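This report refers to the structure that appears directly beneath it.
The values are calculated or read from the model by the stated rules, or taken from the named source; none is laboratory data. This is a predicted model, so every value here is computed, not measured. Note that each Cβ is placed from the backbone with ideal geometry, even for glycine, and that neighbours are counted across all protein chains shown. Surface areas here come from the heavy atoms of the whole protein model, side chains and all, with no ligands, DNA or RNA. Shrake-Rupley method; radii C 1.70, N 1.55, O 1.52, S 1.80 Å.
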Amino acid sequence: LPPTEDPFTSTTAIKVVIDQFIQAPIFTVIIFGFLGVLEGKSLDSIKEQLDEDYVDTMLANWKLWVPATAVNIAFCPPILRVLFLNVVFFFWSIFLSLKLNKD
C-alpha cells in the first residue's frame with residue numbers, strides 16, 4: 001500500500017524536481033571533486049574529467065534516479081524508503097566507480 005492515498009501529487013513532483021534538478025547536479029560535482037582529490041588528481045585533471053563525463057553522468061543519473069525517487073516518495077512506506085534508496089545507490093555507486101575509473 002502506498003503511504004498516501006494519492007501518490008501522484010504536486011508535492012511528490014516538487015520533491016522529485018528539487019532532489020534531481022537542484023541537489024543532484026551540485027552533489028555530482030562534489031563527488032567528482034572529492035573522489036579526484038582522494039585519488040591524488042590535480043584540480044586540472046578533475047576539471048577535465050568533469051568536462052568529459054559530467055553531462056553523461058547527469059543524464060544517466062536522471063534516467064535512474066528520477067523514476068527511483070518518484071517510486072520511493074510515492075509508493076514506498078516510510079519505514080522502507082532508506083532501504084530502497086540504499087539498494088538503488090549500491091548500483092549507482094558501481095556505475096560511478098566504473099565511469100570515474102574508465103582509464
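Here residue 72 does not qualify as over 18 Å from residue 12 (Cβ atoms) and not aromatic (Phe, Trp, Tyr). For the stretch 56-103, filtered to residues that are β-branched (Val, Ile, Thr) and under 18 Å from residue 34 (Cα atoms), the residue that is most open to solvent (accessible area, probe 1.4 Å) is 94.
For the stretch 43-50, state whether one or more residues are open to solvent by less than 60 Å² (accessible area, probe 1.4 Å), touching a residue at least 24 places away in the same chain (Cβ under 8 Å) and within 12 Å of the chain's Cα centre (by Cα). Within the stretch 43-50, not a single residue is open to solvent by less than 60 Å² (accessible area, probe 1.4 Å), touching a residue at least 24 places away in the same chain (Cβ under 8 Å) and within 12 Å of the chain's Cα centre (by Cα).
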